[in-house]
Amino acid sequence: MTLQNAPDSHADDDPNAATNLPVEPNDFVGRERDVADLRDLLESVRAVTLCGPGGIGKTRLAVHVAHSLLGSYPDGVWFVELADVAPDGLDQVPRKAAAVLGVAEEDTRPVADTLADALRPREVLLVLDNCEHLVDECADLTRVLLARCPRLWVLATSREPLRMAGENVWRVPPLEPAEGAELFLARAAAIRPGFAGAGPGSGARGGPDGVEDAVGEISRALDGVPLALELAAARIRVLSVEQIAGRLADRFKLLSTGDRTAPLRQRTLRAAIDWSHELLSEPERVLLRRLSVFAGWSLDQAEQVCAGDGLPAEDILDLLTALVDKSLVAIAGEVAGEVRFRQLDSIRQYAAERLTAAGETEAAHDRHRDAILEIAERHGELALAERRGPWSERIALFRRYDVEVGNVRAALAWSLERGEIEAGLRICTALRTYWIVRGRVAEWAEWTDRFLALGADLPAYVRGPALASRAQLGIGARDYSQAGEFASEAIEPCRKADDAFMEASALIALAESLSRAGRLNEAVERLDEADALAAAPGQEWNRAYSLTSRGYLQIRRGRLREARELLESGLATMREIGQLWGASAALIGLGRLAELRGDPAAARAHYTDVLPILDEIDARPELARAHAGIGRVALEQGDLRAAREALTASIGLSRASGIRLDVARALETFAMLLAAEGDDRGAVTLGGAAHALREAAGGRAGTGARLEATLEPLRKRLGEPLVAQLWGEGLATSSDDAVRYALRAPEPGAVPAPRSPAGPERPEETEPHGQAKPGPRPETGRPLATPVTPPSTLTAREREIVRLVARGLSNRGIADELVISPATVARHVTNILTKLGFSSRAQVAAWAVENIPDE
């Protein structure tokens, strides 16, 4: 009953320490914070279990921490490997521990009691490794030892907790992406010295071209699982990093060669997961494989999709809990009041193979897709107030789809693969609001287009709403021409299906498209038709949105009082139905209106008021417009610092949304900011870059009245030839280069240029929801043409006509003054309106008073 010197005692850290800890075979990479936290934890907690899936690095972490604590336990740190111990009920765990510690067994007495008596006076750290197949025995032994040995600590590793009093469960996380990349590079360098990605400055921060991206891809694809990363690094003998990254789709085949001296379960990734799978009960195995259809799920979703065929829904909770305990399912946080779960990608791929082997793939994916469709349509009704609910529920909805997007993509891909076009289009239609709010229009327009291309013969109740939805996506992308085409095509099938809600939505989208094209009277007619439909109950969203759209239309007509009344009515209705995202469009419109009325304080207040609403749901396109409004107002007030701050936020959000027309508008405003900061050359060049991007995005030509007013003094200071040259350089500058230049802080000591009032910006731009510094240079490989005159620059004759319009002359009076025909004057006036973005001579006259001096 004595504690003898154990065999094979050795330690790198303290050669005099009593221990049998295995020597660490190579450098320990990453997890500095985990090591520090575990050391602190073991000062106050006597039983800690490191839990996690196979290959996550539980043993390696435990050994490394134990090595670091050798000096803290005078009577030693002892490692008990249990992987090869059979669960035969013969007290094998205490026997193995006694053998490691050199404790002799006593006849007729339980080994645990003998061991406890031997350890009672000792200060020892006992490491129990690989407890998962012996959980009950390990828990019993630990319980006895902790109760009778006051100076003993236990550090265990297991794929599930021991579930005993006093146990602290430590879930071993995957490596962070940078740590995973560092581990891969370190192991690859050890295997192939001189390997190109392993030099100083390589890894997550550098290395040869292509290596950094490939290593990052490997780390992300393998979920930061150390075993998988080490197995992948082993392939560096015969494959490049890029080749390894490209073969990860078949990861179990690729990651099949490991250290031959390692235990069999650690030599391949499949073997590591097989080890866990073999320890599951049959119901646990069934649930594990069925969960592979999810990209993350809640308990309700697991019950809906995975139950049936011998697996009762009421058992799912306990089975899911068991899979979490066994580290085959991870808790992924809480969203909208529900705990979310996920599988590591390697486990998910393994489970998917098991699903196929069981012949359940088709049924499981069908149930998954049907569940997504059912909940998406309910949520779609809530989003647009067809079903009443408070704003808080809509916030939760938007946040939910941030984590559900993987499931939605999987459901759409399955529907497309199976040719189930109706289901796919219904999902696209139901979730259109989410994609527009988040600024993810391009991807979801593409999904919708793919289904529509295959669904020409679909029933009207599916095709009509899908076309109307696609029109709304077009509006969200600022592709008004395309939106009008889809909206026109949607009206007949919506009417045939008696879907008044979607018919009204299509009519409003068509009206917005017509308004953008300058066909204002036709737009009003479409809104009248929409209002007739939207008078019915459940159509409050359409009624409110129609009011807001009319408000913007009246802004374009210059009828500012009517516009204000309409926008305020739309705002009030949106607030009544708890749809503050819809209300934000009206608030932004009121801000724009205040700008045009010359009330910057009110404009700034409206734009600022809308920010908290939009921040709650991360509505990027609208946030970009609100920040742009704040930037314009600050610029008009001469607050250049605030203008730069707001415009920087705006252009960042626009780029994140991928909406090129919004980026172009942001660049136009940045051009005005640069001019105010004294960078005349940069201002002109950014104006050209903005014009090129606007044309590429299908926007109307012209830089608008504000930028035109900015260019006027620049032409005088720089001269027409240089302005034309810089404009041409801007046309050849990539949008990325232009944005980078715009975001550069002004040089210290730059003298702001004198600014003349710019007058109102063109109404069509609004939306319903020191010279020493050179400008950005053109892209390499794109030769400059001869100098190009800015297309919106007024010609000398047009400036003459603008002055005469400002004096109140009619077309006939101008013709007599200039000795030209009235028809020629009319053409010039039309060009002037187009270039400035105005819709009336009164607007031209007001602008001219401030910006075109009478000569």
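Taken together, the values in this text are just the output of simple stated rules run on the coordinates, not laboratory data. All of these numbers come straight from a predicted model, not from anything done at the bench. We place every Cβ from the backbone using ideal geometry, glycine too, and count neighbours over all the protein chains shown.
Brief remarks follow.
- Packing-based ranking, highest mean first, of 507-518, 438-449 given that Cβ atoms within 10 Å are counted: 507-518, 438-449
- Calculated FRET value between Asp457 and Asp91, using beta carbons and R₀ = 56 Å, to 0.05: 0.20
- Tensor-based shape of the chain (alpha-carbon gyration tensor, a/c under 1.5 rounded, otherwise prolate or oblate): prolate
- For the chain, cysteines whose Cβ has no other cysteine Cβ within reach (under 4.7 Å): Cys51, Cys149, Cys306, Cys428, Cys494
- For the chain, the share of DSSP beta bridges that are antiparallel, to the nearest 5, is 25%.
- Cα-based Kirkwood hydrodynamic radius, region 796-851, one decimal, Å: 10.9
- Cut-off 20 Å (backbone N to label point 7 Å along Cα→Cβ of Asp300), residues of region 348-388: 367-388
- Mean separation of Cα pairs under 8 Å and 6 or more residues apart, divided by the residue count, gives region 32-171 a relative contact order of 37 percent.
- Phi-based couplings in Hz for region 462-474 (Karplus 6.51, -1.76, 1.60; Gly and Pro marked x): 9, 5, x, x, 5, 5, 5, 4, 5, 5, 5, 4, x
- For region 32-171: rounded, prolate or oblate by the Cα gyration tensor [a/c cutoff 1.5]: oblate
- For Val335, the residues 5 or more places off, or on other chains, whose built amide H falls under 5 Å of its own are Arg340.
- The listed peptides 639-645, 237-243, ordered by packing as a protection proxy, come out as 639-645, 237-243 (highest mean of other Cβ atoms within 10 Å first).
- Rounded, prolate or oblate (a/c below 1.5 giving rounded, otherwise prolate when a/b exceeds b/c) for region 69-132 by Cα gyration tensor: oblate
- All other residues whose Cβ lies under 9 angstrom from that of Ile427 are scored, Lys and Arg at +1 and Asp and Glu at -1, for a net of +1.
- Derived scalar couplings between HN and Hα for region 824-835 equal 5, 4, 4, 4, 4, 4, 4, 4, 4, 4, 5, 5 Hz in order, rounded to whole Hz, by the Karplus curve 6.51 cos²θ - 1.76 cosθ + 1.60 (θ = phi - 60°), x for Gly and Pro.
- Between amide H atoms placed 1.01 Å from N, distances below 5 Å from Thr49 occur with Ala156, Asn168, Val169, Trp170, all of them 5 or more places distant or on a separate chain.
- Dipole axis of the chain (+1 Lys, Arg; -1 Asp, Glu on Cβ), positive-most option in Gly582, Leu288, Ala845: Ala845
- Entry note, region 280-359: relative contact order of 39 percent, from Cα contacts under 8 Å with a spacing of 6+ residues.
- Phi-derived couplings, Karplus 6.51 cos²θ - 1.76 cosθ + 1.60 at θ = phi - 60°, listed residue by residue for region 660-666: 5, 5, 5, 5, 4, 5, 5 Hz, with x used for Gly and Pro.
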